[in-house]
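Following: one structure in structure tokens, then a few remarks.
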């Protein structure tokens with residue numbers, strides 16, 4: 001499954017030591033009683049704003065172990081960032097921040113069996129001011145790949161091309177099937193699916209509004 005949101009946090013710093021404010025998108029298992037999740041989140045303190053990706057595991061009463069998978073240590077962090085989380089809850093986790101891949105693993109033991117609860121949540125220990133998180137452009141899809149099936153036997157490759165002619169994704173063909181990874185892009189992805197034969201001649205094309213998980217079958 002793929003989950004996306006644009007996350008905006010309200011302040012750069014908190015004028016008090018030893019308190020925090022977090023604002024993030026959480027993908028949490030609903031397949032077990034334990035509180036196990038992955039989140040991409042802001043972390044705000046008196047030192048400033050840091051964006052990070054955490055994996056947490058725990059028991060039915062809360063998370064007890066936290067693993068930081070990625071963070072941005074640079075100064076003057078933006079208050080708004082674009083996050084995409086892709087996971088099967090088992091071994092596979094990929095996270096994009098502002099379209100840049102920051103986590104990519106197929107060997108994890110996430111302990112997050114599907115189905116998932118997905119929620120957008122601020123958390124705070126700062127009592128000086130009520131701080132509200134803002135979340136926009138939330139969507140989910142069944143995956144990060146576009147599949148094209150029933151391809152002619154002489155097909156060499158399949159591309160997804162934008163209106164300027166830039167190739168956004170490409171795939172060679174195996175068993176008359178092509179799989180194109182589009183997880184880094186914003187959905188719906190406006191592009192044309194183009195099918196070429198082994199000599200690079202165009203067989204067919206189709207303009208589409210594309211989401212990860214889409215499956216197309218070629219008629220021939």
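No lab work stands behind these numbers, since they all come straight from the coordinates. These figures come from a predicted structure and were not determined experimentally. Here Cβ is always computed from backbone atoms with ideal geometry, including for glycine, and neighbour counts include all displayed protein chains.
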When only alpha-carbon atoms count, how far does the chain stretch along each of its three principal axes, as whole angstroms with the largest first? 65, 38, 23
For segment 145-217, what log10 I(q)/I(0) values come out of the Debye formula at q = 0.12, 0.14 1/Å, with one point per alpha carbon and no solvent? -0.26, -0.36
If each Cα of segment 1-125 is one equal point scatterer, what is log10 of I(q)/I(0) from the Debye formula at q = 0.13, 0.15 Å⁻¹? -0.50, -0.66
Percentage relative contact order, the chain, counting C-alpha pairs under 8 Å, at least six apart: 20
How large are Rg and Dmax for segment 107-174 when calculated on the C-alpha trace, in angstrom? 21.1, 67
Quick one: check the C-alpha center-to-center distance for segment 1-35 versus segment 145-220, whole angstrom. 35
How far apart, in nm, are the 7 Å Cα→Cβ label points at residue 72 and residue 219? 4.5
